[in-house]
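Since the structure comes first, as structure tokens, the remarks are kept for the end.
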Amino acid sequence: MNAVTTTQRQLEGKVALVTGASSGIGRATALELARRGAKVVVAARRQNELEQVVREITAAHGNAAAITVDVSKEDDLRKLVDFTVSTYGRLDIAFNNAGTEGVFAPLLEQDAERFDMVFEPNVRGVLNAMKYEAEVMLKQRSGSIINNASMGGVIGFENASVYIASKHAVVGMTKTASIEWFRRGVRVNALCPGLIETPFHHRGIWPSAEVQQSFAAGTPAGRWGSADEMATIVAFLASDDSSYVSGHSLVADGGYSIA
């Protein structure tokens, strides 16, 4: 976390929660939100990594707490929101980032087990998270929810039918929730990252450095994006700078989806 000026601390007094915060985009976002003044609850399945994120935030004079969560379990998500409110008194920002890519394979090889493996965290998890988050935010008549939909929420991808379907579902839920809640003070948007340098994106589908480089070369940007770049976008969507933005799927893919 770098030092920031007072004018950059536009999230001062806000309370945020971030799922999938132990690494990658979730970790970078937790650090960025704290850097901008928010109190942050970090959630994931790996306790040791979460505690490291908390240490980094507190070492930079931020305020953070950790809780282990499996987003495929509804009760865990209810406990996450309860923990956030009991710890900090409110909830202003939620970044529903955790998810899985499942098994990449031709559509004809997909089955119910693989479908459930992906849809439980990616779709049901986001749905349940939004439900409990919104219960708090609607009472406050304020809040910003950001869902990680990936560029897979707006394009197709060979051998990724179930994953793509799950991310399209996240985009659809984001749009619908925005319609229902915007006039009641709660904004809902989606972040759609492309090729980002994270442990998540270097598993499975990217088996070699050559494949990674070929995909990067195919983007107008000519490179992979960084988790820090995604974090600043989430911070924008979380802040009053985006007060008239809701139901939007912000594609941050270096131009991949249009190339």
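The values are calculated or read from the model by the stated rules, or taken from the named source; none is laboratory data. Since this is a predicted model, take the numbers as computed values, not measurements. No Cβ is skipped: glycine too gets one built from the backbone with ideal geometry, and neighbour counts run over all protein chains shown.
Structure summary
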quantity	calculated
Failed criterion for Ser246 (all others in (1) surrounded by fewer than 20 Cβ atoms within 10 Å (Cβ to Cβ); (2) under 23 Å from Ser142 (Cα atoms); (3) not aliphatic (A, V, I, L, M) hold)	(1)
Cβ-Cβ under 8 Å pairs, at least 6 apart or on other chains, region 71-82 side over 15 Å from Glu135 (Cα atoms), far side assigned to a loop (DSSP other than H, G, I, E, B) and modelled with pLDDT under 95	Val71/Gly99
Boolean, Ile145 is outside any helix (DSSP H, G or I) and touching a Lys or Arg at 6+ places or on another chain (Cβ under 8 Å)	yes
Count of residues meeting criterion [charged (D, E, K, R) and touching a residue at least 12 places away in the same chain (Cβ under 8 Å)] in region 92-119	3
Total residues in region 75-95, condition out of contact with any Leu (no Cβ under 9 Å at 6 or more places or on another chain) and closer than 15 Å to Pro121 by Cα	4
Residues of region 169-201 that turn out to be without any contact (Cβ under 8 Å) to a residue 24 or more places away in the chain and of a type in the set (Ser, Thr, Tyr), as a count	1
Residue count for region 101-140, restricted to those that are among the charged types (D, E, K, R), more than 21 Å from the chain's Cα centre (by Cα), assigned to a helix (DSSP H, G or I) and surrounded by fewer than 15 Cβ atoms within 10 Å (Cβ to Cβ)	3
Failed condition for Glu158, given (1) surrounded by fewer than 18 Cβ atoms within 10 Å (Cβ to Cβ); (2) in a helix (DSSP H, G or I); (3) out of contact with any helix residue (DSSP H, G or I) (no Cβ under 8 Å at 6 or more places or on another chain)	(2)
